[in-house]
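Below is one structure, written out as structure tokens; comments come after it.
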Amino acid sequence: MAATVGSTSEAVAVNSAAARYDIVVIGGGPGGYVAALHAAELGKKVALVEADFLGGTCLNRGCIPSKTLLKHAEVIESIEEARAWGIESGELSFSLDKMKKRKDDVIQKLRGGIAYLLSQGKIDLHQGFGILEEGKVIRVETKAGETTRIQADRIIVATGSTPVVPPIPGLASAQFDTSDTIFDLPAIPKSVVIIGGGVIGVEFACIFASLQSDVTVIEAADRIIPSEDADASKVLTKLLKKKGIRFYTSTKVTEVQQDGEKKVVKCTDAKGKELSFKTETLIVSVGRKPNLSAVQDVAIEKEGPFIKVNEKMETNLPGIYAVGDVVGGYQLAHVASAEGVVAAANAAGLEEKMEYKVVPRCIYTLPEVASVGMTEEEAKKKGLSVRTERFDHVGNGKALALGETNGFVKVVYEEKYGEIIGVTMVGPHVTEMISEASAFMHLEGTVEEVTKMIHPHPTVSEAFYENAMHIVNKMRTNGVLV
């Protein structure tokens, strides 16, 4: 029986105790449902096992709700900025209930879309916790306490991850939120402390700063978004500080205390100075750990805390694949989907390998940050002979018209031939623009080839072209290109 679409966003679960499939996918997030759809398109009989809502963390507690609220933040900032441009409006007010309703409506529509696609692909949906047993049997346990078993020739594990809760003294006894719980706050908090200045932490900082919360971010590394380009971190820090967000880097949280309705966060900075912050809302955002519940009963090999896979997404168990956050690496929804496609193809009898050279990384702050490939520091650590060129948006007509000139485009390129090794962008629309850089890198393109492509004017994307032109002219002046 194929899954069907009900009046809500969920497909109707299949009730079959002895069903057998070509491929069973455990986990309905961006890795899992994409793998299931791809396998079905390849003509396989497919089932998907999901314990909660379709769409996984990304759709329900991550990418989609956060970007919906970040759009609200962008509109709020635009309204405030418009006053300086001569566009007057009344007093600004917020309705958190309406914001949350819109967020929920977006989520519901996308859940319904996935359910529809599963139905169209004749993919059976088994609603429950999927646990892998010997002999490629999946035990499905429902929340109502019912248990069924299904069997498959091939299995793809895509069970995702959960937020890390660090062993900070007192934290377990305090009231705090993670990215799993923060989207349903009953009211806009007057103050917010965020432990963790990575991608998720700075996005939440932008959301709450726009809602006029007092926001403090505490980061153990010496800068925010420490895995990204240092210049991007520097520019983002400067611009977010202008929004009133306070950053404490090289700072370690030593204790958390519950003080009535407030939380007290105690820290020590790099100089040993003790700091203390009292806050209404505390968000812990220090990373994610794999959800291994599906493989707890089998001898699957791990690499650190993650399931170990090869370039075909195969585990050590024949016919068992794993994708997404559960295998570590880039914990990004689009990477999970790409891995799901590779796993599904191999499970269907084809030969596909996962390639991580060109993985775009996006941070949806205001301004946005996007990157692909290596930073200059990473390239030099690998012994590559590279150079960099940076073009600031202050010279870009569209950025000037938008009133967003604080960003830049930086290109890391191979010194001899000008092959693009990495690109970092900061500014408006760069999470869309980065795909152009990704395409050139995927095709092993050079900066000279970028200059042969006519870019529309005025656009922010011209900054990529202008940067490439500066590089090419330098290379010609130095006699590298003729």
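If we count every other residue with Cβ under 13 angstrom of D184's Cβ, Lys/Arg +1 and Asp/Glu -1, where does the sum land?
Working: positive: R61, K100, K101, K103; negative: D97, D104, D177, D180.
After counting each charged neighbour, the total is 0.
What relative contact order, as a whole-number percentage, does the chain give when Cα pairs under 8 Å and 6 or more residues apart are counted? Each step should come with its number before you reach the end.
On the way: 1041 pairs, mean separation 68.2, N = 482.
Relative contact order of the chain: 14 percent.
Find how much the distance from N310 to A172 grows on full extension, using 0.36 nm per residue of separation minus their present alpha carbon separation; answer in nm with one decimal. Don't skip to the answer; put the middle values down first.
Values: separation 138, 0.36 × 138 = 49.68 nm, distance 3.68 nm.
My answer for the length gained is 46.0 nm.
Segment 201-278 to segment 53-123: how many Å between their Cα centroids?
25 Å
Solvent-accessible area of I76, probe 1.4 Å, all protein chains present, reported in Å² to the nearest ten, please.
Ignoring ligands and nucleic acids, I76 comes out at about 10 Å².
Would you mind computing, in nm to one decimal, how far apart the modelled labels at Q120 and E449 are, each placed 7 Å from Cα along Cα→Cβ?
It works out to 3.3 nm between the two label points.
Work out from phi, with θ = phi - 60° and the Karplus expression 6.51 cos²θ - 1.76 cosθ + 1.60, the ³J(HN,Hα) of each residue of segment 389-398, listed in order in whole Hz, and give x for Gly and Pro.
9, 10, 10, 7, 6, 4, x, 9, x, 5
Ordering S385, S179 from largest to smallest accessible area (1.4 angstrom probe), what's the sequence?
Values: S385 65, S179 15 Å².
Sorted by accessible area, descending: S385, S179.
Using a 1.4 Å probe and ignoring any ligands, DNA or RNA, find the accessible area of Y116 and quote it in Å² to the nearest 10.
Surface accessible to solvent at Y116 totals approximately 120 Å².
Just add up the charged neighbours of V140: K/R +1, D/E -1, any other residue whose Cβ is under 12 Å from the Cβ of V140.
On the way: positive: R139, K143, R149; negative: E50, D124, E133, E141, E146.
Here the count lands on -2.
Given the protein chains as shown and a 1.4 Å probe, how many square angstrom of T147 are accessible, to the nearest 10?
70 Å²
Hydropathy at least -1.0 by Kyte-Doolittle, axial extent at least 20 angstrom from the Cα trace: which helices of the chain, defined as entire DSSP H runs, fit?
Span-like helices here: 63-84, 96-120, 333-347, 462-477.
Quickly estimate the mean residue ellipticity at 222 nm for the chain, helices only: each DSSP H run with n ≥ 4 gives -39500 (n - 2.57), and the total goes over all residues, rounded to 500. Mind showing how you got there, number by number?
Details: 12 runs with 149 residues, N = 482.
Computed ellipticity for the chain at 222 nm equals -9500 deg cm²/dmol.
Too long at a 20 Å Cα-Cα cut-off: which of K100/K262; K71/K103; K381/K452; K242/K278?
Values: K100/K262 24 Å; K71/K103 10 Å; K381/K452 31 Å; K242/K278 22 Å.
Too far apart for the 20 Å limit: K100/K262; K381/K452; K242/K278.
Percent relative contact order of segment 366-420, based on C-alpha pairs within less than 8 angstrom and at least six residues apart?
Values: 60 pairs, mean separation 17.9, N = 55.
After rounding, I find 32 percent.
Which lysines, if any, have their Cα less than 30 Å from the Cα of K136, not counting same-chain residues under 8 positions apart?
Output for K136: K44, K45, K122, K289, K302, K308, K312, K353.
Probe of 1.4 angstrom, ligands and nucleic acids ignored: what's the accessible area per residue over the chain, in square angstrom?
46 Å²
Between rounded, prolate and oblate, where does segment 144-277 land on the alpha carbon gyration tensor, with a ≥ b ≥ c its root eigenvalues, rounded for a/c under 1.5, else prolate if a/b exceeds b/c? Mind dumping the intermediate values first?
On the way: a/c = 1.91, a/b = 1.56, b/c = 1.22.
Prolate.
Do you know the relative contact order of segment 210-311, to the nearest whole percent, from alpha carbon pairs under 8 angstrom that are 6+ apart?
Answer for segment 210-311 is 18 percent.
The values are calculated or read from the model by the stated rules, or taken from the named source; none is laboratory data. No experiment lies behind these values; they were computed from the predicted model shown. Reconstructed Cβ throughout: ideal geometry from the backbone, glycine too, with neighbour counts over all protein chains shown. Accessible surface areas use protein heavy atoms only, side chains included; no ligands, DNA or RNA. Shrake-Rupley method; radii C 1.70, N 1.55, O 1.52, S 1.80 Å.
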